[in-house]
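The values are calculated or read from the model by the stated rules, or taken from the named source; none is laboratory data. Remember, it's a predicted structure, so these values are computed and weren't measured experimentally. Positions of Cβ are generated from backbone atoms using ideal geometry, with glycine treated the same way; all protein chains shown enter the neighbour counts. These accessible areas exclude ligands, DNA and RNA; they are computed on the full protein's heavy atoms, side chains included. Shrake-Rupley method; radii C 1.70, N 1.55, O 1.52, S 1.80 Å.
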Amino acid sequence: MQSLLFFFLENMALIIALMYLGLKAKELLFPNLTESTLLLALSILFMGFLTFSVMYNPYIHEGMRLDLREVPLYFISYIGGWKVGILSAIFPSIYRYSLGGPTAIAGILQTVILPVIIGSLFRNKKTVNKFFAILDIKKMLLGLLVFEVLKSVSMLLTTPSTVPITLSMLFFAMVAVLAMGLIANGENHHILVRKELEFYSNQDPMTQLPNMRFFKNKTQTLVSQYVPIAIVMLDVDYFKTYNDTHGHQKGDAVLRSIGQLLRDHTRKKDYVARYGGEEFIFCITDPYDDDEVMRIAEKVRDQIEQYHFEGEELQPEGKLTVSMGVSLNSYHKTLDQLIDEADQALYQSKRDGRNRVTAFAEKKEKEIEEVFN
């Protein structure tokens, strides 16, 4: 009996150790918490390997091969459902059948097929992103207890198993699944907290746009790689007047709406951020030419002008508008220079009457022409 207990303890330790390594590999290979066909395939292969590892050196009792193979199969079925469980069980089933013996078929049915069925019945089918979700430990253990009771009764009726053996298997299986669940929840919680911190450290909480920290990191990479970019600065015209008239809550709603309009009317490869206050900034990445930059900027300005903001009829111009400044040529310039040029062009738009787009290069050319004239 002592050797049996030590055998199941070794089985349990093997499951826990490999589970921990598997979760660390998942974190390394899938840092964005994105489920994919590759993650699904690797999870199936890993659980098949884990089950095989547990079965490789079994405890033999009157021709029976005893181990905790049901633990990883129940666990993956509880997480991923019956399809994932069945695929994970294919290799262990073939391996067990190839070994033969008087209890081969019973062993496959009781400790390979049954845990897949019970695990998938108890899983939360509404879970999204299931391989990174926090598990319901109580529900998982309840399902395992149901499985273990069914398996134990079946083993006692159809195999040479004894009550001490079935109770030992039940106990160590429960502990192993509990440990797997706690390890998985600990790792997933750690990943989710880290991603949440990264998200909020790069986001403006009010508009849900990226903040300047994120914007500068992304655009500086483009500048360093000599990717052509254009920087556009945007400021809401007479925003203080709107705030004084309608209150800060309505003003915040305006900023959120403008943030969404910027998302909707720039391209996927462009970067949009809140600069601060009522100012926004966006980077037009790898434009075809200066005309494309100005078309994008003008489209954004026009869409904001056409959008109906609550109470905008009380604005000085009868509608809520924005002024914009553009730095067109990024060649041999630093990011700070580009932002400064866009800022200067923005204030030129303000001086020229607001609700317009001004390009920094065009302003310089105008000044040169005035000097020669």
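The set of residues in region 1-50 being touching a Leu at 6+ places or on another chain (Cβ under 6 Å) and assigned to a helix (DSSP H, G or I) consists of ASN11, LEU18, ILE44, LEU50. Suppose we keep only residues that are more than 22 Å from LEU14 (Cα to Cα) and among the β-branched types (Val, Ile, Thr) within region 145-173. Which one would you say is surrounded by the most Cβ atoms within 10 Å (Cβ to Cβ)? Ranking the qualifying residues of region 145-173, first place goes to THR159.
The residue that is surrounded by the fewest Cβ atoms within 10 Å (Cβ to Cβ), counting only those in region 252-293 that are without any contact (Cβ under 8 Å) to a residue 24 or more places away in the chain and part of a helix (DSSP H, G or I), is ASP291. Any idea how many residues of region 332-363 are surrounded by fewer than 18 Cβ atoms within 10 Å (Cβ to Cβ) and under 35 Å from the mean Cα position of the chain (by Cα)? Of the residues in region 332-363, 5 are surrounded by fewer than 18 Cβ atoms within 10 Å (Cβ to Cβ) and under 35 Å from the mean Cα position of the chain (by Cα).
Annotation: of all residues in region 76-92 being crowded, with 22+ Cβ neighbours inside 10 Å and small (Gly, Ala, Ser), the one that is modelled with the lowest pLDDT is GLY80. For region 174-186, does any single residue satisfy the condition of being more than 26 Å from GLU27 (Cβ to Cβ) and either at pLDDT 95 or above or surrounded by fewer than 20 Cβ atoms within 10 Å (Cβ to Cβ) (or both)? Yes, because at least one residue in region 174-186 is more than 26 Å from GLU27 (Cβ to Cβ) and either at pLDDT 95 or above or surrounded by fewer than 20 Cβ atoms within 10 Å (Cβ to Cβ) (or both). Once region 308-328 is narrowed to residues that are buried (at least 16 other Cβ atoms within 10 Å of the Cβ) and in a loop (DSSP other than H, G, I, E, B), the residue that is farthest from the chain's Cα centre (by Cα) is GLN315. Looking across region 55-86, the residues that are more than 17 Å from MET155 (Cβ to Cβ) and in contact (Cβ under 8 Å) with a residue 40 or more places away in the chain come down to PRO72, PHE75, ILE76, SER77, TYR78, ILE79, GLY80, GLY81, VAL84. Being within 25 Å of ARG295 (Cβ to Cβ), open to solvent by less than 10 Å² (accessible area, probe 1.4 Å) and part of a loop (DSSP other than H, G, I, E, B) is a condition met by at least one residue of region 231-246.
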